[in-house]
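Please read the structure below before turning to the comments.
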Amino acid sequence: MKKSFGLAFAGLTIFIAPQFAQAGLVLTQAGIDDGFVLSTFATLNPGLTGCCSGPFGMAINGNGKVIIYNDVDQKRYIFNDVDGQTQATALSSTAASSYVVAYASVGGKAYGGTVDRGGSFVQFNDDGTINHTLTGLPATFLGMWGNPNNGHIIA
């Protein structure tokens, strides 16, 4: 059985400060031996390979669809969970203003940071709109994970 690791966008680059040298994502031989493969899930910003052009934030919603925030056009997209997606194949999109945010899923819900409401941590509806703001928590940027064992989100 092959293990799959889908990329959020084509041309994933790794930056090394301060020179910002770029390197493509590759699997090690050990990863290949373990059955992992790389594939391109979605290409949202063709040709943009520089720093900070996203997309940022990616999670699975309650319907098993992928929710992604794209900083370049400031939209939150909903996609089927299959490779080869583009903006044109999105099921829907919602205007959003989030910059560099993190998303995570837990308990069948998608959560993330957003500046739509002044820098908040929110729960998303399955269509990518904001369900509600979680009070007392700041927006989460640059990393988030939902623990399926206990329902906690680490950010």
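The values are calculated or read from the model by the stated rules, or taken from the named source; none is laboratory data. All values reported here derive from a predicted model rather than from experimental measurement. Counting neighbours? That spans all protein chains shown, and the Cβs are built from the backbone with ideal geometry, glycine included. The accessibility values were calculated without ligands, DNA or RNA, using every heavy atom of the protein model including side chains. Shrake-Rupley method; radii C 1.70, N 1.55, O 1.52, S 1.80 Å.
Okay, here's what the table says:
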| read-out | value |
| --- | --- |
| Count of segment 62-79 residues which are open to solvent by 10 Å² or more (accessible area, probe 1.4 Å), farther than 13 Å from LEU91 by Cα and in contact with a Gly (Cβ under 9 Å, 6 or more places away or on another chain) | 3 |
| Hey, GLY31 over 16 Å from GLY128 (Cα atoms), open to solvent by less than 20 Å² (accessible area, probe 1.4 Å) and either assigned to a loop (DSSP other than H, G, I, E, B) or not charged (D, E, K, R) (or both) or not | yes |
| Residues of segment 104-135 satisfying the condition of being modelled with pLDDT of 90 or more and outside any strand (DSSP E or B) | GLY107, GLY108, ASN125, ASP126, ASP127, GLY128, THR129 |
| Index of the failed condition, VAL101 passing every other in (1) in a strand (DSSP E or B); (2) touching a residue at least 24 places away in the same chain (Cβ under 8 Å); (3) open to solvent by less than 60 Å² (accessible area, probe 1.4 Å) | (1) |
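Quick grid of which residues meet (1) farther than 23 Å from ALA110 by Cβ; (2) touching a strand residue (DSSP E or B) at 6+ places or on another chain (Cβ under 9 Å); (3) basic (Lys, Arg); (4) at pLDDT 85 or above:
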| site | (1), (2), (3), (4) |
| --- | --- |
| MET1 | yes, no, no, no |
| ILE14 | yes, yes, no, no |
| VAL26 | yes, yes, no, no |
| PHE36 | yes, yes, no, yes |
| ILE68 | no, yes, no, yes |
| VAL72 | no, no, no, no |
| LYS75 | no, yes, yes, yes |
| ASN80 | no, yes, no, yes |
| THR89 | no, yes, no, yes |
